[in-house]
1. Using Cα-Cα distances under 8 Å and only pairs 6 or more residues apart, what relative contact order does the chain have, in percent?
2. Under 19 Å from a label point 7 Å along Cα→Cβ of SER189: give me every residue in the stretch 258-298 with its amide N that close.
3. How long is the chain along each principal axis, judged by its Cα atoms, biggest number first, in Å?
4. Using 0.36 nm per residue of separation minus the Cα-Cα distance, give me the extension gain between THR596 and SER277 in nm, one decimal.
5. Among the DSSP beta bridges whose two residues both lie in the stretch 39-186, what percent are antiparallel, rounded to the nearest 5?
6. Highest first, please rank the peptides 647-655, 465-473, 583-591 by the mean number of other Cβ atoms sitting within 10 Å of their residues.
7. How big is the convex hull of the Cα atoms of the stretch 390-456, per residue, in Å³?
8. Restricting to the chain, compute how many DSSP beta bridges are antiparallel as a %, nearest 5.
Amino acid sequence: MPTTMAHHGPPAVLALHLLLQIHLVVMLCSLLLPSSAVALTGNNTAAAATVARQFPCLRDQETALLRLKRSFTATTDSIRAFRSWKVGTNCCGWAGVHCGDADGRVTSLDLGSWGLESAGLDPALFDLTSLRYLNLGWNNFNLAELPSTGFERLTNLTSLNLPNTNFSGQVPLNIGRLTNLVSLDLSVSIEIIELADENRYMVDFPDNIGELAVTNFTSLVANLGNLRELNLGYVDLSQSNDWCDALSMYARNLRVLRLPFCNIYGPICGTLSALRSLSVIDLWYNSLTGQVPDFFANYSLLSVLQLSYNDLEGWVSPEIFEHKKLVTIDLHRNPKISGSLPNISADSCLQNLLVGHTNFSGTIPSSIGKMRSLKRLGLDAPGFSGNLPSSIGELKSLNTLKVSGLNLVGPIPSWITNLTSLEVLKFSKCGLYGPIPSSIGHLIKLKTYAFIQCEASGGIPQHIFNMTQLEELALGSNNFTGTVELNSLWRLPNLSLLDLSNNKIIVLEGQENSSMVSFPDINFLKLASCSIIKFPTILKHLNDCIGLDLSNNQMHGSIPRWLWENWSTDPSFGPHGGLFFLDFSHNNFTSVGYETFLPIYARILDLSFNMFEGPIPLPQYTGAEVLDYSSNMFSSMPHNFSTQLGDTYVFKASQNNLSGNIPTSFCMVYEFLDLSYNTFNGSVPSCLMEDANPLRVLNLKRNQLDGELPDTINENCTLELLDISSNRIEGQLPKSLVACKRLEVLAIANNKITGSFPCWMSTLPRLQVLILKHNNFFGLVIPSSAKDRITCGFPSLRILDLSYNNFSGTLNKEWLSKLMGMIVKVSNETLVMEYYAYQDEVYQLSTELTWKGLDQQFDKTWRTLGFLDVSNNAFQGSIPADIGGLVLLDELNMSHNSFTGPIPSQLGHLAHLESLDLSSNELSGEIPWELASLDSLTTLNLSNNKLVGSIPESPHFLTFSNSSFLGNEDLCGPPLSKLCKSNVVPSKKKKYLDFILFLFVGTRFGVGFAVAIVVAWRIPVRK
């Protein structure tokens, strides 16, 4: 037996046999353990040390390792880390080194988290050709590029871990030649800090971080058939549109997919359904669109589904929430996705269920209270309604509870006290009312205490002042009353966020407490609408404040210079680098104290709705992401300010006195640029439209711009809203606008633009608002050829304004039938046309329309609004009956044309219609009775036509004045003073006809007699 042979064998044989067994055990563990635990680190086991002594490393291996060591900068960390790396000693026993094949060759190198620094990766690494495991993560390579050659020599490599190494540039495609690779990690760890207030969050990037990029994803993964784990977090994949299909085709064994912060966009491809072994799908913080695929529910091994911070839309299948193995479902901050929560089984494995900041709705099922493994529950979607299940109070392991629901009913629940593990409690945008239960003060672990935009009332709860562990206290936008002294809140030593905004309270500084040695390290202070008259001097003591909101108060004069000088004069200031936000909007300030550049680093600066004059003050340091200077009296921009806009996503300066040419520096802005209501002149800078600019909203309305629009817009156009109304733009619409496939709004009213109707724009699938009024367009709206008519459908259009042009010809019924946005209601959309940018900045579409006969400004534009205005043109022919199929219309204006024939009775199908204007045409015949059934109709103008007969008598029509019917000589009846000559009341007409039909059918008189009676009856009516 083997044991007997081992007993009697020579000692050397016994030792060799023992070593081989140890080696087999080590190899077996390396196959079974996850990649993060495969390699032996500095604390090598005794068995490994024995192997190392028995099989010393080869000289070339030692030489390569020593060269690699010398490539790192000598620091305290590196000296400590490389203490065992000494010339002449066995390198297989060095810290982080493992030789696993009993041949003296290095198979594992783990230098992870050693705090090393280097100017680049030394090629000596690639002499370790037997490497199977390589970990250089959490060391700093100072923005060096990964070597373009060398990785292909590591043919045995199964695990390549380079997370948080600060490399930059292109990912070498020769990594794709490592056919044995099982795990690839090139990620950067990025944290998002969600603040207790409703809208803001912080993206915490590492300092001076480099970014890798992949431009040909297919080439990278085509030979990686063994790949099981892929983590490319923060690797730029914006040029790799093939990422999804490539993984589906070549990485069939993939189990873990992590691509957060990768700039990927577009829908998740259907071919991803082929990766049935996926257990982790992590695609958060990208620009993904389209629906959450239903096939995710069919992944039997799926445990983590992380899709937050995207632009996904549509209905989420409830089957996903019923998945038996899912531990995490995170869909939050996808404002366009909808869904409802099903009854979830008690044996669910869910620990994290997050659907906040979405369009989820319906009731919250009481079965949630049976999911005892839940730790984080995010139900902060304002569409939830009904009662908040008390069963949630049974979730003893819950540490995070976030709830919203404008239609949630009932008082603020007392069962919250049962959640003794709770650390984060947040109620927002909810209908819950009443005082906050004092028993919440017994939750000793609570760090975040937030009631925001609910109906909470009474005084500020006194138990708060005893909750010394609190870090975030947010009570904004409720009905709290009374007076609050700021000094009383400084008793909370750990407080980092305080929000008392938008209540009915008065905030006073209070008397200074001389016994107070220190103030809490307040990072965020929000005191909007707190009746503050004088700038709080207590802010001098808050040296760590990185977010301040004093908007909607009554402060005036100059913002104190000490604010700018004491706070964030250096980008490295504060725990997260510089000021996060400063909001002084809606006050009466007249000066910022500086002429041009403010000596601060701020990500968000809002000075809107004040009385500032002179040049716009920009933060001196780069990094400003959101800048709002709207509604002031600023008159100029600083010279050479492009550097300050290098990181700006949103720039708003509407309603000021800015003049001159639009500086090309504005082309640096990433997403929203609003310069409307100024006096800029000259042409639109070509770089704003034609470059590969990521602008989504461009609003230049009401300036004095002239010239033609650039016609070189490229295929990377990301515009969703373009408004150049009320300028002096000439020429034709640039046909290169067809590249803007995301365009939803095009408003060019009140210019001098010419040309025929832009049928070619019908290829824009999302176009919902097209405003062409007051221009010089001409000709037919509908192409003459049948082929062209087919291609002129606008399937998403809801607002179409062609008024005050020179369009002619007839309106074609085939074209009208293609306006599906006015026919079929689209569900699961946001009610208001709004656009979200970085930091959840919201831009709402503001439109000018002729509404019910008056020119009106709509500060909000509802997606449900149906509007068709073809007035003041030269249209002729009859009004197509098919216009009655546009059942979602709220306004129909066809006035001041040359339409003839009768008013179609089918207009009576427009049940939503509020305003109908058919005036100043050549319409004839009687007013259809069906119009009297339009209960929503509040404005009617049929004047100046050739209508005849009686005005329908209905209570609804009696509400219209006689001006609605003037200019029709043969029209009679109320509200006109002209009486109808016939004594027959029109409302009885149908009864007379019924009576004659009764004679005809019931008594069986001859046909000739019956017809004679009818003719005789109608003659007097026609006179």
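1. For the chain, the relative contact order is 3 percent.
2. From the stretch 258-298, the list is 258-262, 282-285.
3. If we take the Cα atoms of the chain, the spans are 134, 75, 62 Å.
4. Here the segment from THR596 to SER277 would lengthen by 109.1 nm.
5. Of the beta bridges lying entirely in the stretch 39-186, close to 20 percent run antiparallel.
6. 647-655, 583-591, 465-473
7. 68 Å³
8. 10 percent
Coordinate-derived values only; no laboratory data. Note that the structure is predicted; figures quoted are calculated from it, not measured. We place every Cβ from the backbone using ideal geometry, glycine too, and count neighbours over all the protein chains shown.
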